[in-house]
Amino acid sequence: QGQFVESGGGLVQPGGSLRLSCASSLSIFMFYTMGWYRQAPGKQRELVAAISGVGDTNYADSVKGRFTISRDNAKKSVYLQMNTLKPEDTAVYYCNAHVAGMDYWGQGTQVTVSN
């Protein structure tokens, strides 16, 4: 903790869009696989999307075609563009950095999709 500053969460109507940002203070940022996870009330934390240092991406089936993860190694930042949001996307979204068996987590940002 203390390695990230997350922003971009909020309340949005179904069908809307949000863009999450995560700025890191990690050294050698480009070597970390960066990911976004989410945790809804009463559910386990799950992987939403991940991106390697060279840009290979991986998405949960539930968000494929709607969410896009990207990173800017020069800015030590990772982003999650979320389109066509659904009520079931409501959760706390966490930024994650993974390398050599070690994980670092952000404090989380709330995303609520509701009328």
Counted residues, segment 49-95 - those being part of a strand (DSSP E or B) and closer than 18 Å to Glu6 by Cβ: 20
Criterion (within 16 Å of Val12 (Cα to Cα), in contact with an Asp or Glu (Cβ under 6 Å, 6 or more places away or on another chain) and of a type in the set (S, T, N, Q)) met by exactly one of Thr109, Thr90, Thr84: Thr109
Counted residues, segment 96-115 - those being open to solvent by 50 Å² or more (accessible area, probe 1.4 Å) and either free of Cβ contacts under 8 Å to residues at least 24 places away in the same chain or in a loop (DSSP other than H, G, I, E, B) (or both): 7
Selection within segment 79-99 - out of contact with any helix residue (DSSP H, G or I) (no Cβ under 9 Å at 6 or more places or on another chain) and under 14 Å from Leu26 (Cα atoms): Cys95, Asn96, His98
Members of segment 49-58 found to be over 19 Å from Gly9 (Cα atoms) and surrounded by 12 or more Cβ atoms within 10 Å (Cβ to Cβ), listed by number: Ile51, Ser52, Gly53, Thr57, Asn58
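The values are calculated or read from the model by the stated rules, or taken from the named source; none is laboratory data. As the structure is a prediction and not an experimental result, all values here were calculated from the model. Neighbour counts run over all protein chains shown; Cβ positions are idealised from the backbone, glycine included. Calculation scope for accessible area: heavy atoms of the full protein, side chains included, ligands and nucleic acids excluded. Shrake-Rupley method; radii C 1.70, N 1.55, O 1.52, S 1.80 Å.
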